[in-house]
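Before any comments, here is the structure.
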Amino acid sequence: MGAVKPFKEVQHAALKDGFLDLLGTDQANYTEVKFDDTVNTLVALAGQYIAKLAALINERDVASSGKMADLIQPTEVTIDGTKYTIGVEAPDYASYQDEGVEGWHQNGFKGSRFKFKTRGVDPEGEHVKSIKDWLQREGSSARNVKVGISSREIKGKGLDEKTRNAVTVAYMVKRQGIKPTYFWRDATAGMQLSIQKEFGKAFKLDIINSILK
């Protein structure tokens, strides 16, 4: 789930605000703490994070992403010593939509670590298939695109109209690049406070529950 606070940092925060001092120093009173609420909170936070991602995808009209929002899913919680971790998995192209992709043309978008390095468009490639799906969903057309494509820039001949339109759009996307939407960056920034607050509360609650047992 992006950068989740390590469990050790939550412990340090509890030490800093004096919470653990309330437990006393008699080791005979110590029992093993089960961090069930901490794990449940991590799962809930992952759900909130994914919901925020989906909301920003919709808000910023990341239309060409297709069903990307539906494909973003949480991983299982893993425990490694004092570090509790949960991840959020998404298609690889989520990074392209978030950070943008540089186009090969001099007037295309610049400023991303991702680049379109070639001009060629494969009518049977995933890029064209994705755009074809998008055109069908949006009821759009590439007929108004003014820049033509030479035969050497298209692999294959005898394409149907839908494929030709998709190839034209794909060509223009590679030419001009993809502008960033920063949906992932902003969703992550917006979750930081909630992660720290809720994770810290869950940690304390688990300790309290272990004492009351």
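The values are calculated or read from the model by the stated rules, or taken from the named source; none is laboratory data. Worth saying up front: this structure is predicted, and the values here are computed from it rather than measured. Reconstructed Cβ throughout: ideal geometry from the backbone, glycine too, with neighbour counts over all protein chains shown. Surface areas here come from the heavy atoms of the whole protein model, side chains and all, with no ligands, DNA or RNA. Shrake-Rupley method; radii C 1.70, N 1.55, O 1.52, S 1.80 Å.
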Rounded to the nearest whole Å², what accessible area per residue is found for the stretch 58-126 with the 1.4 Å probe? 63 Å²
Skipping prolines and chain starts, which residues have an amide H placed within reach, meaning under 5 Å, of the one on ARG60, given they are 5 or more residues away or on another chain? none
Two-site FRET efficiency, GLN136 against LYS197, from Cβ-Cβ distance with R₀ of 41 Å, rounded to 0.05: 0.40
For the cross-link pairs LYS117/LYS162; LYS52/LYS132; LYS67/LYS115; LYS67/LYS197; LYS67/LYS132; LYS110/LYS174, which exceed 21 Å when the distance is taken from alpha carbon to alpha carbon? LYS117/LYS162; LYS52/LYS132; LYS67/LYS115; LYS67/LYS197
Within the accessible area of the stretch 69-124, what % is carbon and sulfur when the probe is 1.4 Å and the other protein chains stay in place? 44 percent
May I ask you to derive the FRET efficiency for THR78 and GLU126 from their Cβ-Cβ distance with R0 = 41 Å, giving the value to the nearest 0.05? 0.85
